[in-house]
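Taken together, the values in this text are just the output of simple stated rules run on the coordinates, not laboratory data. Because the structure is predicted, anything quoted here is derived from the model rather than measured. Glycine also receives a Cβ, built like all others from the backbone with ideal geometry; neighbour counts cover every protein chain displayed.
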């Protein structure tokens, strides 16, 4: 299960997707901080099938978590990821 939030600004449609089990947590490594408490990540619960449909509307994706990153790697959306405290994340421009 994933949490999805759609951010629209002009022609930019950025969709943030986070694994449900890590929403509301903070991860840090050195001077890097990944804050999943922010409103940016809060949204609707969605299944894998629903996520794969909705991302077709986006021109940018911000994804955080092992499950969503692996899903989008498997579907060919992600080539490179970064990690903070072993939590993978990626920003994808489509």
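Just the residues that are surrounded by fewer than 19 Cβ atoms within 10 Å (Cβ to Cβ), in contact with a strand residue (DSSP E or B) (Cβ under 9 Å, 6 or more places away or on another chain) and without any contact (Cβ under 8 Å) to a residue 24 or more places away in the chain, please, taken from region 54-72. Across region 54-72, the qualifying residue is only 70. Listed by position, the strands (runs of 3 or more DSSP E) contained in region 26-94 that have at least 1 residues being more than 12 Å from the chain's Cα centre (by Cα) and farther than 24 Å from residue 11 by Cβ are 26-29, 32-35, 44-46, 82-84.
The number of residues in region 21-41 being touching a residue at least 40 places away in the same chain (Cβ under 8 Å) and crowded, with 17+ Cβ neighbours inside 10 Å comes to 3. In region 2-20, the qualifying residues are those that are exposed (fewer than 13 other Cβ atoms within 10 Å of the Cβ) and in contact (Cβ under 8 Å) with a residue 12 or more places away in the chain, and the one that is farthest from the chain's Cα centre (by Cα) is 11.
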